[in-house]
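Since the structure comes first, as structure tokens, the remarks are kept for the end.
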Amino acid sequence: MAMNSSEVLDFAREAIWLILQMSGPIMVVGLAVGVGIALLQALTQIQEMTLVFVPKIVAIFVSLLLFMPLMGALLGGFMTRIADRVASM
């Protein structure tokens with residue numbers, strides 16, 4: 001039995017929402033660290049271009065480690081829902 005267009009759109013909508021849920025916290029951490037470093041550079045007038053990259057990379061790596069269980073649970077739940085839908089066809 002083939003899937004109709006509404007089911008495909010439901011899968012796509014859920015996948016896009018999942019991407020936003022998984023990447024959102026990491027992006028917020030990167031944004032916060034970037035703004036903090038930019039503010040520090042503006043206040044101290046240190047205009048080193050490479051100063052932004054190392055703290056941002058470290059912060060994103062640490063946040064990936066912290067949010068990995070949440071991301072795994074979201075992805076596992078999505079896969080379970082997909083498997084249930086496919087099995088019910």
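Structure above, values below:
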{"quantity": "Cβ pairs under 8 Å, 6+ apart, first in the range 13-24 and under 15 Å from Gly76 (Cα atoms), second modelled with pLDDT under 95 and among the charged types (D, E, K, R)", "calculated": "Glu14/Arg81"}
{"quantity": "Residue check, Ala87 modelled with pLDDT under 90, exposed (fewer than 11 other Cβ atoms within 10 Å of the Cβ) and assigned to a helix (DSSP H, G or I)", "calculated": "yes"}
{"quantity": "Condition check for Val58: in contact with a helix residue (DSSP H, G or I) (Cβ under 9 Å, 6 or more places away or on another chain) and over 25 Å from Phe78 (Cα atoms)", "calculated": "yes"}
{"quantity": "Any pair with Cβ under 7 angstrom, 6 or more apart, that starts in the range 32-43 at a residue that is under 18 Å from Val58 (Cα atoms) and of a type in the set (A, V, I, L, M) and ends at one that is modelled with pLDDT under 90 and not in a helix (DSSP H, G or I)", "calculated": "Ile37/Val52"}
{"quantity": "Hey, Leu9 surrounded by fewer than 10 Cβ atoms within 10 Å (Cβ to Cβ) and either without any contact (Cβ under 8 Å) to a residue 40 or more places away in the chain or not in a helix (DSSP H, G or I) (or both) or not", "calculated": "no"}
{"quantity": "Search result, residues across the range 30-75 that are of a type outside the set (Asp, Glu) and loosely packed, with under 10 Cβ neighbours inside 10 Å", "calculated": "Leu43, Thr44, Gln45, Gln47, Met49, Thr50, Leu65, Pro69"}
{"quantity": "Residue in the range 56-78 that is more than 17 Å from the chain's Cα centre (by Cα) and assigned to a helix (DSSP H, G or I) present", "calculated": "no"}
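The values are calculated or read from the model by the stated rules, or taken from the named source; none is laboratory data. Since the structure is predicted, the reported quantities are computational estimates derived from the model, not experimental observations. Glycine gets a Cβ as well: all are built from the backbone with ideal geometry, and neighbour counts include every protein chain shown.
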